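Where a number appears in this text, it was derived from the coordinates with a stated rule and is not lab data. As the structure is a prediction and not an experimental result, all values here were calculated from the model. Cβ placement follows ideal geometry from the backbone for every residue including glycine, while neighbour counts extend to all protein chains displayed.
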Amino acid sequence: MTKKDSGDNTEPQPVKAVPPAMRAGGAFIALALVLALWTFLEVVMNGWMAPFYVTTRFLLICVAAIIIGASATSGRTQYVTMGRIVILGVALVLLMLSRVLPNHIFMVMGQYWLPSYAIVSLLAGLIIKRQMMPVS
């Protein structure tokens, strides 16, 4: 069996670039997941309708989720580039910084805003991704 018959394709395949709107949609969906998880944890630990403190830790984790959601791959045709590795490294550094930086309180809001923001973020991500689908 030769290399040509083995199914290995030695010709470079065209790389499909991910449209910026798909990346934005992924970022919104990742943010919605983080906000939903954070809501669940807050309700379990503090009870429903307790005040929610927006802290450095919360903001850094949200920014890291946005970065990870925006840089996710959309298929096997995408190559791993150095830029993507650096961006994911930045997200990892933000997650580590969220554990070591002082937890300064920026504002206090009602706990019901977390699931509200999660729903709006999920809807925004789904609408953006829906707009990217080809019309037949």
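Quick rundown of the values:
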item: Additional length obtainable on full extension of the chain from MET109 to ILE127, 0.36 nm per residue less Cα span; result: 3.8 nm
item: Chymotrypsin sites (Phe, Trp or Tyr not before Pro) restricted to the stretch 95-125 and DSSP loop, no more than 13 other C-beta within 10 Å; result: TYR112
item: Order by protection proxy (mean Cβ within 10 Å, highest first), peptides 119-125, 63-69, 47-53, 85-91; result: 63-69, 119-125, 85-91, 47-53
item: ³J(HN,Hα) computed for each position of the stretch 122-127 - Karplus, 6.51 cos²θ - 1.76 cosθ + 1.60, integer Hz, glycine/proline x; result: 5, 4, 4, x, 5, 5
